[in-house]
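Asks: Submitted below is the structure of interest, expressed as structure tokens.
The values are calculated or read from the model by the stated rules, or taken from the named source; none is laboratory data. In this text, all values refer to a predicted model and were calculated from it rather than measured experimentally. Every residue, glycine among them, receives a Cβ derived from its backbone with ideal geometry; neighbour counts consider all protein chains shown. The accessibility values were calculated without ligands, DNA or RNA, using every heavy atom of the protein model including side chains. Shrake-Rupley method; radii C 1.70, N 1.55, O 1.52, S 1.80 Å.
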Amino acid sequence: MSQPLFEKVAFIGLGLIGSSLARVIQAEHLANDIVASTRSSKTLEDAKALGLISEGYADPVDAIKGADLIVLALPVRATQKVLELIQPYLTENVIITDVGSTKGNVVDAAKAVFGDQLPAGFVPGHPIAGAEHTGVHAGKVDLFANHKVILTPLPSSSDWAVEKLIQLWQAAKAEVICMDVDKHDEVLAHTSHLPHLMAFNLVEQLAKREDNLDIFRYAAGGFRDFSRIAASDPQMWHDIFFANKKAVLNAVDGFEQQLAMIRKLIEDEDSQALMGLLGHAQAARQHFNHMLAKKPFMEKNKVTQQFTIQPGAKTFQGKFTVPGDKSVSHRSIMFGAIAEGTTHVTGFLEGEDALATLQAFRDMGVSIEGPKNGEVTIHGVGMHGLKAPQSAIYMGNSGTSMRLLSGMLAAQKFDSVMTGDASLSKRPMERIAKPLREMGALIQTTGERGTPPVSITGNQQLQGIQYDLPMASAQVKSGILLAGLWANGETAVTEPEPTRDHTERMLRAFGYEVKTEGNRISLQGGGKLVGTNIQVPSDISSAAFFMVGAAITENSDVTLEAVGINPTRTGVIEILKQMGADITVENERIAGGEPIADIRIRGTRTLKGIHMPEDQVPLAIDEFPALFIAAACAEGQTILTGAAELRVKESDRIQVMADGLQTMGIDCTPTEDGIIIEGKGKSGDWSPIFTGGEIESHHDHRIAMSFSIAGLRNSEQIKIVGTETVATSFPTFTELTSIAGLPIQVSE
């Protein structure tokens, strides 16, 4: 049997928190002996009867003798008195921790007793868990499960003490966070102490009313949920409010200011401003929830979602509208925010990447309504109306957002920092930082590879430049042009091959003149954008998965409606045609400055392997993972060259696709700038092409969706791990594939 974590644990105080932790220690066999001291003999008798402690003492000195862990589970204002009593009897390596809601006063109490030489084992702590009921009988062994416990190690705290406490709380199934003492008290003042104070205040305010019985009788669920915390122990909260007085009063001041602002908006009936404030608050809540929910995979813990596809013959048919174009959705928010007047967007992609862009501009003071059913209304603040965000701007998984925003933020008056998830944090940002520095921007990337976070110093006057792109990149081109909106003189970009031109088209739609002369795109700084209506077409990158799915499935017939066919994006259509796919483009028209059409694909003939034309590479850069699946189903060899850009996307898409294809029985060879795929298709033979296996998507949405489409021709089960990022660009993917005839099982 393994050695317990502690020999003897002594609790000073044994209420809800202390008795719950004692239950954990008992259940997990973390100590050979547990004792307690408290003023209530009844509590000690009950604790012994419950089997929580072996002995109970009225005097804490008796309890702590021989203990190697002392837990101060008592009111925060009693800390100093207890420490004074036990100080002469402490052993050298004893760990002392507490469970109080404030930390500064606990440290002050310890300093008053020990002076500047605090014990090495003294590590203040705070489990953020509770319940309406108190006392030893209210304790629960799972009270801390899935809750946070904050430890606030001091410079004097030994690593061994901190590590043991982390192990203790992890055994209680809590998430342990280490934090500075002052930061803890500030954070808790806003997130815990202020809400409790407000709940006590609201209940007291309503209780004073003559009609209080009716008010409480007919109160809705929201009132009950919020006021529940006013049932907490008054003595405890009395002590907390005094103990954390400075931070609590600062939080109250901030709340009063915000409340006064809302009061004035209601009084003035300022509909736009109130809607913007409420919308920002709602979106912030959802955004923070999302960020916190995604934390495990961002920090390389266990994958949160996977797809499973069973073998068997499948059909693939139907008419579908895939989600809005991600590139256009991003830009509609960015340009609408800096335009004068109101911009109304329809067809907006409500995926995580585009929502990250939307949240970024809300954080910079832009009032945005929606999205609701793809509709967004943006109340522009003009070229000079953006405000400094309160903290770093989180871009999630979106490289487009980070690179384009780098250009915009480089021209603002304020400093800014952009961060992203684990995938985005590996992607190169120097390719946009370098030309922006040539324009006069002060911009820093991280590490040798020039990755996020990206830090930008504001208040720099930018100068227009003539920049030759070393490699085709619509994101870098766009970032430079956007910086050029604020720069002196002309900003021009020359690209080696044409790339998607959504930025140029949309700037013109907002009334800003952009010149395109061959491969040279230019604009003059100092103009303005005027709010307009934008219809976002369906995303051809999302449509590509259904195009390939139909092209590799016998008797398929799929029509994709209102897909954007911007000539800088149609490489996937051209390549599939050259491979022999039965694909037609119908009902061509213009919407919001972008050409759109219905695309019909039928599974009538076996695809042929080709050398994919290099002039189509920039026009199909995001669609290649799906095209690799098509190549595996083709007859003969397919060769891709000139696509080194694929190695620096959300993942190294060349290597990751090659690994997955080989796992599923496809002979392929990755090269420096492409891949060679030996197709297994045979004319007139629609039997399975892929075996099966477990595919690692590396949290890359396009990898996950491409291997899902391989499930139309599999002979064994396919399992794809790390699929939660599919929601960044195609939140309805599994729903639509199921309707078409490809059921995908989603599991956490």
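Asks: Filter segment 360-399 down to the residues that are polar (S, T, N, Q) and at pLDDT 90 or above and list them by number.
Replies: S367, T377
Asks: Here's a follow-up. Can you work out which of the residues in segment 322-346 that are within 13 Å of G511 (Cα to Cα) and assigned to a loop (DSSP other than H, G, I, E, B) is nearest to the chain's Cα centre (by Cα)?
Replies: A339
Asks: Right, something else. Is it fair to say K372 is among the basic types (K, R), more than 30 Å from T559 (Cα to Cα) and surrounded by fewer than 20 Cβ atoms within 10 Å (Cβ to Cβ)?
Replies: It is false that K372 is among the basic types (K, R), more than 30 Å from T559 (Cα to Cα) and surrounded by fewer than 20 Cβ atoms within 10 Å (Cβ to Cβ).
Asks: Those residues that are free of Cβ contacts under 8 Å to residues at least 40 places away in the same chain and under 12 Å from H147 (Cβ atoms), I need them from segment 171-189; list them, please.
Replies: Within segment 171-189, K173, E175, V176, I177 meet the criteria.
Asks: A further question follows. For residues that are closer than 13 Å to E694 by Cβ and touching a Gly at 6+ places or on another chain (Cβ under 8 Å), scanning just segment 715-724, find the one that is least open to solvent (accessible area, probe 1.4 Å).
Replies: I718
Asks: Please verify whether L646 is in contact (Cβ under 8 Å) with a residue 60 or more places away in the chain and open to solvent by less than 10 Å² (accessible area, probe 1.4 Å), treating the condition exactly as stated.
Replies: No: the conditions fail for L646.
Asks: Of all residues in segment 482-504, how many are farther than 17 Å from N566 by Cβ and open to solvent by less than 10 Å² (accessible area, probe 1.4 Å)?
Replies: 8
To keep it simple, each residue is scored yes or no on (1) touching an Asp or Glu at 6+ places or on another chain (Cβ under 8 Å); (2) in contact (Cβ under 8 Å) with a residue 12 or more places away in the chain; (3) basic (K, R); (4) not assigned by the TED database to the domain that holds E517.
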| residue | (1), (2), (3), (4) |
| --- | --- |
| Q412 | no, yes, no, no |
| M418 | no, yes, no, no |
| D421 | no, yes, no, no |
| R427 | yes, yes, yes, no |
| I432 | no, yes, no, no |
| P435 | no, yes, no, no |
| I443 | no, yes, no, no |
| G458 | yes, yes, no, no |
| Q463 | no, yes, no, no |
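Asks: Could you list, in sequence order, all residues of segment 598-627 that are of a type in the set (V, I, T), surrounded by 24 or more Cβ atoms within 10 Å (Cβ to Cβ) and over 35 Å from the mean Cα position of the chain (by Cα)?
Replies: Within segment 598-627, I601 is the sole residue that qualifies.
Asks: Right, another one. Yes or no: segment 501-510 includes at least one residue that is within 33 Å of the chain's Cα centre (by Cα), closer than 22 Å to G324 by Cβ, part of a helix (DSSP H, G or I) and of a type in the set (V, I, T).
Replies: The answer is yes; a qualifying residue exists.
Asks: Anything in segment 386-415 that is of a type in the set (G, A, S), out of contact with any helix residue (DSSP H, G or I) (no Cβ under 7 Å at 6 or more places or on another chain) and within 18 Å of L442 (Cα to Cα)? List them, or say none.
Replies: Of everything in segment 386-415, those that are of a type in the set (G, A, S), out of contact with any helix residue (DSSP H, G or I) (no Cβ under 7 Å at 6 or more places or on another chain) and within 18 Å of L442 (Cα to Cα) turn out to be A388, A392.
Asks: Another one. I'd like the full set of residues that are surrounded by fewer than 19 Cβ atoms within 10 Å (Cβ to Cβ) and in contact with a Leu (Cβ under 8 Å, 6 or more places away or on another chain), limited to segment 505-523.
Replies: If the condition is that a residue be surrounded by fewer than 19 Cβ atoms within 10 Å (Cβ to Cβ) and in contact with a Leu (Cβ under 8 Å, 6 or more places away or on another chain), then G511, E513, V514, K515 are the ones that fit.
Asks: Can you tell me which residues in segment 519-539 are over 27 Å from R589 (Cβ atoms) and either in contact with a strand residue (DSSP E or B) (Cβ under 9 Å, 6 or more places away or on another chain) or at pLDDT below 90 (or both)?
Replies: Across segment 519-539, the qualifying residues are N519, R520, S522, L523, Q524, G525, G526, K528.
Asks: Among all residue pairs at least 6 apart or on different chains, which show Cβ distances below 9 Å where the first residue, located in segment 360-372, is over 14 Å from S332 (Cβ atoms) and touching a residue at least 24 places away in the same chain (Cβ under 8 Å) and the second is surrounded by fewer than 17 Cβ atoms within 10 Å (Cβ to Cβ) and acidic (D, E)?
Replies: Listed pairs, sorted by first residue: none to list.
Asks: Can you tell me which residues in segment 65-119 are in a loop (DSSP other than H, G, I, E, B), of a type in the set (A, V, I, L, M, F, W, C) and over 30 Å from T191 (Cα atoms)?
Replies: If the condition is that a residue be in a loop (DSSP other than H, G, I, E, B), of a type in the set (A, V, I, L, M, F, W, C) and over 30 Å from T191 (Cα atoms), then A67, L90, V94 are the ones that fit.
Asks: Looking only at residues that are in a helix (DSSP H, G or I) and open to solvent by 10 Å² or more (accessible area, probe 1.4 Å) in segment 11-30, which one is farthest from V76 (Cα to Cα)?
Replies: A27
Asks: Counting just the residues of segment 377-387 that are aliphatic (A, V, I, L, M) and under 22 Å from L265 (Cα atoms), which one comes out surrounded by the most Cβ atoms within 10 Å (Cβ to Cβ)?
Replies: I378
Asks: Restricting attention to segment 347-369, which residues are buried (at least 24 other Cβ atoms within 10 Å of the Cβ), part of a loop (DSSP other than H, G, I, E, B) and touching a helix residue (DSSP H, G or I) at 6+ places or on another chain (Cβ under 6 Å)?
Replies: Result: F348, L349, G351.
Asks: In addition: Whether any residue in segment 128-148 is in contact with a His (Cβ under 7 Å, 6 or more places away or on another chain) and open to solvent by 10 Å² or more (accessible area, probe 1.4 Å) is what I want to check.
Replies: yes
Asks: Please go through segment 725-742 and give me each residue that is over 17 Å from M657 (Cα atoms), buried (at least 23 other Cβ atoms within 10 Å of the Cβ) and of a type outside the set (S, T, Y), ordered by number.
Replies: F730, F733
Asks: Same structure again: Take S54 and tell me if it is over 39 Å from the mean Cα position of the chain (by Cα), hydroxyl-bearing (S, T, Y) and either over 17 Å from P119 (Cβ atoms) or buried (at least 16 other Cβ atoms within 10 Å of the Cβ) (or both).
Replies: Taking the combined requirement at face value, the residue satisfies it.
Asks: Can L436 be described as among the aliphatic types (A, V, I, L, M), open to solvent by 10 Å² or more (accessible area, probe 1.4 Å) and under 23 Å from V493 (Cβ atoms)?
Replies: No, not satisfied.
Asks: How do the pairs read when you match residues in segment 43-59 that are assigned to a helix (DSSP H, G or I) with residues anywhere that are modelled with pLDDT under 90 and open to solvent by 60 Å² or more (accessible area, probe 1.4 Å), using Cβ under 9 Å and keeping only pairs 6 or more apart or on different chains?
Replies: D46/H137
Asks: Right, something else. Out of all the residues in segment 170-182, is one or more open to solvent by less than 70 Å² (accessible area, probe 1.4 Å), of a type in the set (D, E, K, R) and over 15 Å from S227 (Cβ atoms)?
Replies: no
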